[in-house]
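Enquirer: Following this message is one structure expressed as structure tokens.
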Amino acid sequence: HPKTDIEELFNQAARFIEEDERRISGRVLYVEDSSVVAHVMLRILERLGLEVDHFTSATEAYEAFGQHAYDLVVSDILVEGEMSGMGLVSRIREKFPDKARVPILAVSGMDDITRRMELFRLGVNDFISKPVVEEEVIARVSNLISNKQLFDQVRAQRRHLYELAMIDQLTGLYNRNSLAEFGNKAFAESNRHDFPLSLILIDVDHFKQINDTHGHLTGDEVLAAVGEMLKQNCRKEDFAVRFGGEELMLILPHCSLEDAIERAEGLRREIHELKPSGIELTASFGVTSRPLGVETAMEELFRVADKAVYQAKDAGRNRVVA
Ligand code: GH3
Ligand code: MG
Ligand code: MG
Ligand code: MG
């Protein structure tokens with residue numbers, strides 16, 4: 001009958017749309033040793049649009065967990081083999097205590113309250129009992145994955161905002177804002193534990209002339225190249241800041257004055273050899289160190305280094321003054 005055909009077609013279309021709206025993207029680590037249960041579950045998860053890595057052993061699943069980024073772990077609780085589902089859950093939680101970051105959905109045939117409480121204590125986010133019901137799987141899986149993805153987005157945004165606030169976008173060095181946080185902290189620690197701390201101020205020579213001769217954009221490229229070179233020359237504990245336009249600063253914890261002078265000399269040579277965009281480039285350096293046994297604020301040391309830079313300029317630039 002033509003009318004029922006059309007009705008049937010409409011119903012089919014409505015089902016497709018409904019299914020499509022439920023589709024979510026993500027990668028799931030799935031552990032289940034019963035092929036019957038796995039068959040049902042895989043069909044549900046894959047129809048949701050998820051990429052599923054299915055394992056029948058928890059040991060193999062744990063190995064895969066270390067190798068890929070998963071949006072959700074779905075684990076049977078009783079799995080044959082040396083590691084149980086419980087073991088898998090506690091191993092994962094040991095590494096990732098944050099439930100929003102690595103959500104775990106437990107699936108078990110024994111759903112008495114004691115068992116469920118034990119699972120929650122172990123760190124699962126949610127629980128489904130067998131035999132699984134499609135609507136319930138969809139609801140719980142969707143919730144967990146969308147929470148996790150939202151959490152990832154928030155983290156990425158926070159990281160991005162932090163970078164915008166703390167990192168100079170042209171040179172990739174820390175900006176002046178970050179001095180209050182990192183600079184003062186480095187000084188406070190050096191004062192408290194009385195370990196050496198040195199400061200190198202760098203001012204690019206005749207930079208105005210570079211801008212005037214080659215244009216502001218080339219000037220920017222030159223600064224970016226100097227920034228990159230400084231980053232390459234930093235140790236883990238060093239702190240390189242773009243202090244002003246073409247003024248850069250290195251805070252060097254655990255670095256004596258002698259070592260700082262040596263490092264400044266090295267940087268002076270590197271800048272001279274850099275020739276970014278083919279441009280001959282030099283810089284003047286002022287180096288100071290916190291006198292051991294004397295509490296010193298960052299500003300005090302900065303003033304001393306600043307004077308040293310002026311002396312380096314006066315003496316003909318392209319040199320280090322301590
Ligand atoms: P000196 O050797 O005495 O340090 O001379 P100088 O020309 O380097 O010093 P001055 O302070 O007179 O000029 C600094 C110049 O740096 C002026 C300014 O236009 C330029 N500058 C500051 N920030 C930037 C930037 O982000 N990009 C570019 N292209 N130029 C900048
Ligand atoms: Mg099992
Ligand atoms: Mg300057
Ligand atoms: Mg300058």
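The values are calculated or read from the model by the stated rules, or taken from the named source; none is laboratory data. Given the structure is predicted, the values throughout are model-derived calculations rather than measurements. Ideal geometry is used to build each Cβ from the backbone, glycine not excepted, and the neighbour counts take in all protein chains shown.
Enquirer: Of the residues in the range 151-206, how many are touching a residue at least 24 places away in the same chain (Cβ under 8 Å) and either over 30 Å from Val102 (Cα atoms) or touching a Phe, Trp or Tyr at 6+ places or on another chain (Cβ under 7 Å) (or both)?
Expert: 31
Enquirer: May I pose another question? Among the residues of the range 151-206, write down those that are surrounded by fewer than 18 Cβ atoms within 10 Å (Cβ to Cβ), among the hydrophobic types (A, V, I, L, M, F, W, C) and within 16 Å of ligand 4 (Cβ to nearest atom).
Expert: The one that is surrounded by fewer than 18 Cβ atoms within 10 Å (Cβ to Cβ), among the hydrophobic types (A, V, I, L, M, F, W, C) and within 16 Å of ligand 4 (Cβ to nearest atom): Leu170.
Enquirer: Cβ-Cβ below 6 Å, separation at least six or inter-chain, first residue in the range 245-259 and over 13 Å from Ile200 (Cβ atoms) and modelled with pLDDT of 95 or more, second within 16 Å of ligand 3 (Cβ to nearest atom) and in a strand (DSSP E or B): which pairs?
Expert: If the second residue must be within 16 Å of ligand 3 (Cβ to nearest atom) and in a strand (DSSP E or B), the pairs left are Glu246/Val204.
Enquirer: Within the range 78-107, how many residues turn out to be modelled with pLDDT of 90 or more and touching a strand residue (DSSP E or B) at 6+ places or on another chain (Cβ under 8 Å)?
Expert: Counting residues in the range 78-107 that are modelled with pLDDT of 90 or more and touching a strand residue (DSSP E or B) at 6+ places or on another chain (Cβ under 8 Å) gives 11.
Enquirer: Let me ask another. Within the group Leu252, Leu201, Leu223, Leu197, which residue is aliphatic (A, V, I, L, M), more than 11 Å from ligand 1 (Cβ to nearest atom) and under 18 Å from Asn318 (Cβ atoms)? Give the steps one after another, and end with the answer.
Expert: Details: Leu252 fails: under 18 Å from Asn318 (Cβ atoms); Leu223 fails: more than 11 Å from ligand 1 (Cβ to nearest atom); Leu197 fails: under 18 Å from Asn318 (Cβ atoms).
Just a single option satisfies the conditions, and that option is Leu201.
Enquirer: Do you know which residues across the range 78-95 are part of a helix (DSSP H, G or I) and either among the polar types (S, T, N, Q) or within 16 Å of ligand 1 (Cβ to nearest atom) (or both)?
Expert: Here is the first cut: in the range 78-95, the ones part of a helix (DSSP H, G or I) are 85-95.
Ser90, the sole residue that qualifies.
Enquirer: Another question, then. Got a number for residues in the range 260-277 being in contact with a Ser or Thr (Cβ under 6 Å, 6 or more places away or on another chain) and either surrounded by fewer than 20 Cβ atoms within 10 Å (Cβ to Cβ) or within 21 Å of Ala224 (Cβ to Cβ) (or both)?
Expert: Within the range 260-277, the subset in contact with a Ser or Thr (Cβ under 6 Å, 6 or more places away or on another chain) is 260, 272, 277.
Of the ones still in play, those that are also either surrounded by fewer than 20 Cβ atoms within 10 Å (Cβ to Cβ) or within 21 Å of Ala224 (Cβ to Cβ) (or both) are 272, 277.
Residues in the range 260-277 being in contact with a Ser or Thr (Cβ under 6 Å, 6 or more places away or on another chain) and either surrounded by fewer than 20 Cβ atoms within 10 Å (Cβ to Cβ) or within 21 Å of Ala224 (Cβ to Cβ) (or both): 2 in total.
Enquirer: Here's another thing I want to ask about it. Kindly indicate whether any position in the range 200-221 is closer than 17 Å to Ala305 by Cα, under 28 Å from the mean Cα position of the chain (by Cα) and not in a loop (DSSP other than H, G, I, E, B).
Expert: Looking through the range 200-221, none of the residues is closer than 17 Å to Ala305 by Cα, under 28 Å from the mean Cα position of the chain (by Cα) and not in a loop (DSSP other than H, G, I, E, B).
Enquirer: Still on this model: Which condition number does Gly278 fail, the rest of (1) modelled with pLDDT under 95; (2) closer than 22 Å to Tyr174 by Cα being met?
Expert: (2)
Enquirer: Could you give me the residue pairs with C-beta distances under 7 Å whose first residue belongs to the range 97-113 and is touching a residue at least 40 places away in the same chain (Cβ under 8 Å), whose second residue is of a type in the set (S, T, N, Q) wherever it lies, and which are 6+ apart or on separate chains?
Expert: Ala100/Asn147; Pro103/Asn125; Pro103/Asn147; Val107/Ser75
Enquirer: Which condition from (1) at negative phi; (2) surrounded by 10 or more Cβ atoms within 10 Å (Cβ to Cβ) is the one that Gln67 breaks?
Expert: (2)
Okay, residues lined up against (1) within 32 Å of the chain's Cα centre (by Cα); (2) within 16 Å of ligand 2 (Cβ to nearest atom):
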| residue | (1), (2) |
| --- | --- |
| Ala14 | no, no |
| Ile17 | no, no |
| Glu21 | yes, no |
| Tyr30 | yes, yes |
| Leu45 | yes, no |
| Glu51 | yes, no |
| Phe65 | yes, no |
